[in-house]
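S.K.: A single structure is presented below for examination.
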């Protein structure tokens, strides 16, 4: 029953998404703002081309918020009593920016060709005028119900896994009744269908949240946004229902399931994909905002301020997801590396890079009205990268350790969706961007200038990663040659750009908006720069290391100091929370960079074949190999080595790396054992034994490696503080206005 | 200028779609062809893998006759599977030389005694160095080499009954 209920909820949600899209389009059409060229939904072709470009309609919408209400008032005659209250509000001035356009929606009475509900709304005697407003009013609840239904479907899937319902195909293929509860739970999204359902669920819930909380956006833009969100959801509902049904039954039901890939049986799996997906799909809101604003020609400060918290929230999740994923790979795969430039890692990095750029450019737009076109494009690109990333992982087009089962039919389906959404949005962008007004000009040496630099560098790094990820595919398409692109390319191409970016990050926050003096900047940055040079000298004296790690270490200290500089001479208790957020996030970058540079420069590695009783020296530790014993876990058996590590005369630490064997499905994994110290980690892996009673042991001493993820945590924390600060300031501003 | 630039993202995306479509429609084979096809065999000299049978060097592969070079190992199950087909080829008059990868003489002798010995010469490649030089990534693999010692054809995986015509055609072409 649960499976059927979930499937029914999914169908219903899809129907509501379709309704939401049609409703949104007809509301916009009545208001005369629907685009002449596709909004990605493919329905726009029904629009007569003249409608969207009615001079009056454009005029009414193109003006800033304050202009809106008065224009509306003048044309309100046909609107009837319904428009009354909101018009009254609209006269109040600035706050009317929401209420005004709501009535403005009713201006263009033409065309009653909406779907069923719109006809119902329109038939209540007022004519089509209030119809549009009613349509607009209906779209929020619709988005909310659709989100709840998707959430319900996802809950059903989890319930099926938790109950180990072996009559459901997906459960059989990815679970086993003997599995620990946490992994039954997580098994729901550790596979293709389940993860797609989670993806769609987050998309729908994000849309619902927009419907619940978003009050800053002008109503037509909000309607366009929710219509865009519904359009995206619709495609992916269709994908689930027609090509990846997670609720399919199996008849007859087998006695038990096939189990979950043991590599995925780790607490990391329970949290890593959901956070990453929250980030990926959270960016859909920015995408829909951008599409909505392009459709209604509403790209401005309000739009940016409305979009910022969403971008920030998604970015925080992406940051946490990437950081956690990196640590997970580090300890679970037992390779001692923390980043492999694997296509799937790149797939998560690219949206992060785009979102980071977007985060900074949206700030310029919100505070200084600049970088309009660019911000809109980044919003489109960020989510496009998410979708391309998801697609590349799902399709198996790129070879990766993460790839799920390859199915060309699914690949073509998702590709069609990508072409529709990304292509549609980019076409809309190209058509509408010329109508976006130029922003406020600024000097190259200014906060804006630094943020433009940030954007260009982030985009360049994004380009480097994208090219490196797709290059093998491109080469094979051109001349049939097969090759792979690895860390040497990425490190050499992205590394220097990243270092320049980090250096710029030190200077940016110390610059004034609009224009500043180079000399003044030099004075402000002198002390951190000196610190960098001192580090450089100190490291060179101690030991010669590679250029990139050397520059990384030197920059990290200087940038760390510089990132704290905005707090200098400020009353810390009165410093706004979002300034704290920026400072902490930037500090996190410096901390993480220090960890990366230190790890790559100073790691000590030993690969030995040792007999019990042998002692191996690695870094500051001497490690005694005591022996190997068999042990058994809940659904695995293992060989467990015991090693006692001692540093100088400190207390001994016992490490127990394992070579695990899972019977369902039969797989072996290496569980590394890690001793974490303030100044680094001792990382040991047990390999194979040979006939002579020797065991392969792999040991690393990695100085300050934990700072990599610690820094990632700081970055996310900074984002969270910033988000909190923005929301709080908005709340106060809102309250203040309410009292006036 | 600015207007043109605004279309750039869409154009880039179209290019990307092109690559992805290619990735979807290309046959999903993961065989990596050797870059050595059309090239002279790499210079090498391998010691005899078995007492009583000559080893293999690059000069022996350029003696004017086209031949089949089989890369195999006694520990490789598919190699045993292709053994009858190799015997049949030998009976058709094909000269077959071999490189044994990471093998021991005893194991090798047992393997040949059990599955048949179609090989004229067997070189012992203990560290896969020669195998790599040929651009071979696994066992079994076979190369058709013409009389001047130029690699003309590569066959990855065991030679099956149905592959025999292609191999014979390649040998004919190498004449």
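S.K.: Given the criteria part of a helix (DSSP H, G or I) and crowded, with 20+ Cβ neighbours inside 10 Å, does residue A:593 qualify? Give the steps one after another, and end with the answer.
M.R.: Working: part of a helix (DSSP H, G or I): yes; crowded, with 20+ Cβ neighbours inside 10 Å: yes.
For residue A:593, the condition - part of a helix (DSSP H, G or I) and crowded, with 20+ Cβ neighbours inside 10 Å - is met.
S.K.: Would you check which residues across the stretch A:382-412 are at pLDDT below 85, surrounded by 17 or more Cβ atoms within 10 Å (Cβ to Cβ) and within 11 Å of chain B (Cβ to nearest Cβ) and list them?
M.R.: A:391, A:392, A:395, A:396, A:397, A:398, A:410, A:411
S.K.: Here is a list of conditions, (1) under 14 Å from the mean Cα position of the chain (by Cα); (2) over 24 Å from residue B:43 (Cβ atoms), and residue B:118 meets all of them except one; can you say which number that is?
M.R.: The single condition residue B:118 does not satisfy is (1).
S.K.: Among the residues of the stretch B:1-15, how many are at the interface with chain A (Cβ under 7 Å from one of its Cβ atoms) and either assigned to a helix (DSSP H, G or I) or in contact (Cβ under 8 Å) with a residue 24 or more places away in the chain (or both)? Full working, then the answer.
M.R.: Within the stretch B:1-15, the first condition is being at the interface with chain A (Cβ under 7 Å from one of its Cβ atoms), and the residues that meet it are B:3, B:6-7, B:9-10, B:13.
Narrowing further to those that are either assigned to a helix (DSSP H, G or I) or in contact (Cβ under 8 Å) with a residue 24 or more places away in the chain (or both): B:3, B:6, B:9-10, B:13.
Counting residues in the stretch B:1-15 that are at the interface with chain A (Cβ under 7 Å from one of its Cβ atoms) and either assigned to a helix (DSSP H, G or I) or in contact (Cβ under 8 Å) with a residue 24 or more places away in the chain (or both) gives 5.
S.K.: On to the next question. Which numbered condition trips up residue A:544, out of (1) in a helix (DSSP H, G or I); (2) without any contact (Cβ under 8 Å) to a residue 12 or more places away in the chain?
M.R.: (1)
S.K.: Of the residues A:499, A:462, A:458, only one is at pLDDT 90 or above, within 14 Å of another protein chain (Cβ to nearest Cβ), crowded, with 18+ Cβ neighbours inside 10 Å and in a helix (DSSP H, G or I); which? Reasoning before the result, please.
M.R.: Numbers: A:499 fails: within 14 Å of another protein chain (Cβ to nearest Cβ); A:458 fails: within 14 Å of another protein chain (Cβ to nearest Cβ).
Being at pLDDT 90 or above, within 14 Å of another protein chain (Cβ to nearest Cβ), crowded, with 18+ Cβ neighbours inside 10 Å and in a helix (DSSP H, G or I) holds for just one of A:499, A:462, A:458, which is A:462.
S.K.: When the stretch A:615-631 is examined, which residues are found to be within 11 Å of residue A:658 (Cα to Cα) and under 41 Å from the mean Cα position of the chain (by Cα)?
M.R.: Of the stretch A:615-631, the ones within 11 Å of residue A:658 (Cα to Cα) are A:628-631.
Within the stretch A:615-631, A:631 is the sole residue that qualifies.
S.K.: Please state which one of A:347, A:354 is within 14 Å of chain B (Cβ to nearest Cβ), modelled with pLDDT under 90 and either assigned to a helix (DSSP H, G or I) or closer than 19 Å to residue A:712 by Cβ (or both). Before you say what the answer is, go through the steps one by one.
M.R.: Working: A:354 fails: modelled with pLDDT under 90.
Checking each option against the conditions leaves just A:347.
S.K.: In the list A:155, A:133, A:159, which residue meets the criterion of being closer than 30 Å to residue A:18 by Cα, in the same structural domain as residue A:8 (by TED's automatic domain parsing) and surrounded by 24 or more Cβ atoms within 10 Å (Cβ to Cβ)?
M.R.: Details: A:155 fails: surrounded by 24 or more Cβ atoms within 10 Å (Cβ to Cβ); A:159 fails: surrounded by 24 or more Cβ atoms within 10 Å (Cβ to Cβ).
None of the others qualify; the one that does is A:133.
S.K.: Please tell me if residue A:377 is within 19 Å of residue A:206 (Cβ to Cβ) and either at pLDDT 90 or above or under 20 Å from the mean Cα position of the chain (by Cα) (or both). Break it down stepwise before answering.
M.R.: On the way: within 19 Å of residue A:206 (Cβ to Cβ): no; either at pLDDT 90 or above or under 20 Å from the mean Cα position of the chain (by Cα) (or both): yes.
No: the conditions fail for residue A:377.
S.K.: Of the residues that sit in the stretch B:121-143 and are assigned to a helix (DSSP H, G or I) and buried (at least 18 other Cβ atoms within 10 Å of the Cβ), which one is farthest from the chain's Cα centre (by Cα)? Please lay out each step first, then the result.
M.R.: Quick first cut of the stretch B:121-143, residues assigned to a helix (DSSP H, G or I) only: B:129-133.
Okay, now just the ones that are also buried (at least 18 other Cβ atoms within 10 Å of the Cβ), so B:130-131.
Working: B:130: 12, B:131: 9 Å.
So, considering only residues that are assigned to a helix (DSSP H, G or I) and buried (at least 18 other Cβ atoms within 10 Å of the Cβ), the one farthest from the chain's Cα centre (by Cα) is B:130.
S.K.: Still on this model: Does residue B:84 fit the bill of being closer than 22 Å to residue B:167 by Cβ, surrounded by 15 or more Cβ atoms within 10 Å (Cβ to Cβ) and either touching a strand residue (DSSP E or B) at 6+ places or on another chain (Cβ under 9 Å) or in contact (Cβ under 8 Å) with a residue 24 or more places away in the chain (or both)?
M.R.: Values: closer than 22 Å to residue B:167 by Cβ: yes; surrounded by 15 or more Cβ atoms within 10 Å (Cβ to Cβ): no; either touching a strand residue (DSSP E or B) at 6+ places or on another chain (Cβ under 9 Å) or in contact (Cβ under 8 Å) with a residue 24 or more places away in the chain (or both): yes.
No.
S.K.: Read through the list (1) touching a helix residue (DSSP H, G or I) at 6+ places or on another chain (Cβ under 9 Å); (2) within 11 Å of another protein chain (Cβ to nearest Cβ), then give the number of the only condition that residue A:443 fails.
M.R.: Unmet condition: (2).
S.K.: A further question follows. Which of the residues that make up the stretch A:645-660 are exposed (fewer than 15 other Cβ atoms within 10 Å of the Cβ) and not in a loop (DSSP other than H, G, I, E, B)?
M.R.: As a first pass, look at the stretch A:645-660 and keep what is exposed (fewer than 15 other Cβ atoms within 10 Å of the Cβ): A:648-652, A:654.
Across the stretch A:645-660, the qualifying residue is only A:654.
S.K.: Would you mind telling me which numbered condition in (1) surrounded by fewer than 15 Cβ atoms within 10 Å (Cβ to Cβ); (2) modelled with pLDDT under 85; (3) more than 10 Å from chain A (Cβ to nearest Cβ) residue B:28 fails?
M.R.: For residue B:28, the exception is condition (3).
S.K.: Yes or no: residue A:422 under 20 Å from the mean Cα position of the chain (by Cα), facing chain B (nearest Cβ under 10 Å) and surrounded by 20 or more Cβ atoms within 10 Å (Cβ to Cβ)?
M.R.: Values: under 20 Å from the mean Cα position of the chain (by Cα): yes; facing chain B (nearest Cβ under 10 Å): yes; surrounded by 20 or more Cβ atoms within 10 Å (Cβ to Cβ): yes.
For residue A:422, the condition - under 20 Å from the mean Cα position of the chain (by Cα), facing chain B (nearest Cβ under 10 Å) and surrounded by 20 or more Cβ atoms within 10 Å (Cβ to Cβ) - is met.
The values are calculated or read from the model by the stated rules, or taken from the named source; none is laboratory data. Quick caveat: nothing in here was measured; it's all calculated off a predicted structure. Positions of Cβ are generated from backbone atoms using ideal geometry, with glycine treated the same way; all protein chains shown enter the neighbour counts.
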